[in-house]
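As structure tokens, the structure follows; a few thoughts come after it.
Any read-out appearing in this document is the output of simple, stated calculations on the displayed coordinates, not a laboratory observation. Quick caveat: nothing in here was measured; it's all calculated off a predicted structure. Here the Cβ is made from the backbone with ideal geometry for all residues, glycine too, and neighbour counts use every protein chain on show.
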Amino acid sequence: MCGRYTLYDAPHKLKDLFGTGNLPNFGARYNAAPLQEMPVIVKNKMGIARWGFLPPWAHEDDHGLCAKMINARSETVADKPSFIESWQKGRRCLIPANGYYEWQKDETSKQKQPYYITSSRHDCFAFAGLWSKHNDLVTFTILTKEADAAIAHLHHRMPIMLSPDEKEDWFTANTEGAAAIIQSAHGKDLVFHPVSDDVGKVANDSEALIAPVTIMQQQTMF
DNA sequence: CCAGACGTTGTT
DNA sequence: GTCTGG
DNA sequence: CCAGACGTTGTT
DNA sequence: GTCTGG
């Protein structure tokens, strides 16, 4: 599901938007991928963490496991051995983003069409997530839920997205409160458009990736 | 009880 | 560390 | 998430 | 088909 996203707002803009105290340095990203280092917010601080989650009992160098944990189902996150500690101890984070990508699979033609999804209401928002720490390595996962009707035909799951003004609630809530915030999260204001297949390649990372394209129906030779 | 997995999405 | 399956 | 690799022995 | 790397 949510396996690629963008974050191109400048650090100082994110600082203002989310009211964080410090200001790490990072550049615009149009194709953030799992296992990469990205900005995350925990309470009033912004830091850099690795996308993918390492459970507390896992080895720090277990990249394979980390890469498998890029998403966590919000419906079961409180029950899963991998996430239970972070959930119960309130290790929640926000992952600032400007949009994310979704690949729609066509069952008959077996083609994959990437779409870029944004919010018509907030040009910068945040995914809700959980973090974990091993020595100096901080990792994070993005919480998901059933897709809103606005994008359900693209994909039946979507990330939990919060607006900047929901930050305070997300971090001051107790576990029950956090669950309620997740419940109330929605995607009513989501909009999307098809983009180039170039986004598939992790090495591609430019503004051109989010430009709308016209879908060309590919010829089947046989 | 111990051993072994520990995740998601999507597809069947 | 904690849950599931046997 | 997608793209790309997917193996060993032995030699340098 | 399935795993790894990014």
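For region A:16-139, a/c is not less than 1.5, where a ≥ b ≥ c are the root eigenvalues of the C-alpha gyration tensor, and a/b does not top b/c. That puts it in the oblate class.
For region A:59-103, rounded, prolate or oblate, judged on the Cα gyration tensor with a ≥ b ≥ c (square roots of eigenvalues), a/c < 1.5 rounded, else prolate if a/b > b/c?
oblate
Rounded to whole Å, the principal axis extents of the Cα atoms in region A:111-191 read 42, 26, 22, largest first. Roughly speaking, what % of Cα-Cα pairs in chain A are separated by over 28 Å, rounded to a whole number? Taking all Cα-Cα pairs of chain A, the fraction more than 28 Å apart is 27 percent. Lysine pairs in region A:84-205 whose alpha-carbon atoms fall under 29 angstrom of each other, counting only those eight or more residues apart or on distinct chains, come to 19.
With contacts taken as Cα pairs under 8 Å at a separation of at least 6 residues, chain A carries a relative contact order of 21 percent. Across region A:41-153, the mean sequence separation of Cα contacts (distance under 8 Å, 6 or more residues apart), normalised by length, yields a relative contact order of 33 percent. For chain A, modelled as a GNM whose springs connect Cα atoms under 10 angstrom apart, the maximal fluctuation among A:Lys43, A:Lys133, A:Lys80 occurs at A:Lys80. Phi angles of region A:122-139 translate, via the Karplus equation with coefficients 6.51, -1.76, 1.60 and θ = phi - 60°, into HN-Hα couplings of 10, 6, 10, 9, 9, 6, 8, x, 10, 10, 8, 10, 10, 6, 9, 9, 9, 10 Hz per residue; Gly and Pro are given as x.
Modelled this way, with points 7 Å down the Cα-to-C-beta line, the labels at A:Ile84 and A:Lys43 are 2.6 nm from one another. Helix content alone sets the calculated 222 nm mean residue ellipticity of chain A: runs of n ≥ 4 DSSP H residues at -39500 (n - 2.57) each, divided across all residues, give -4000 deg cm²/dmol. Amide H to amide H distances under 5 Å link A:Ile160 with A:Ala128, A:Leu143, A:Thr144, A:Lys145, where only residues 5 or more positions off or on other chains count and H is placed in the peptide plane. The length gained by stretching the chain between A:Leu154 and A:Gln111 to full extension, at 0.36 nm per residue less their Cα-Cα distance, is 14.1 nm.
Placing pseudo-labels 7 Å out from each Cα toward the beta carbon at A:Asp189 and A:Glu75 gives an inter-label distance of 2.7 nm.
Between A:Thr175 and A:Asn25, the simple spin-label model (points 7 angstrom out along Cα→Cβ) gives 4.1 nm. What does the charge add up to near A:Leu143, with Lys and Arg as +1, Asp and Glu as -1, over the other residues with Cβ less than 10 Å from its Cβ? Result for the local shell: +2.
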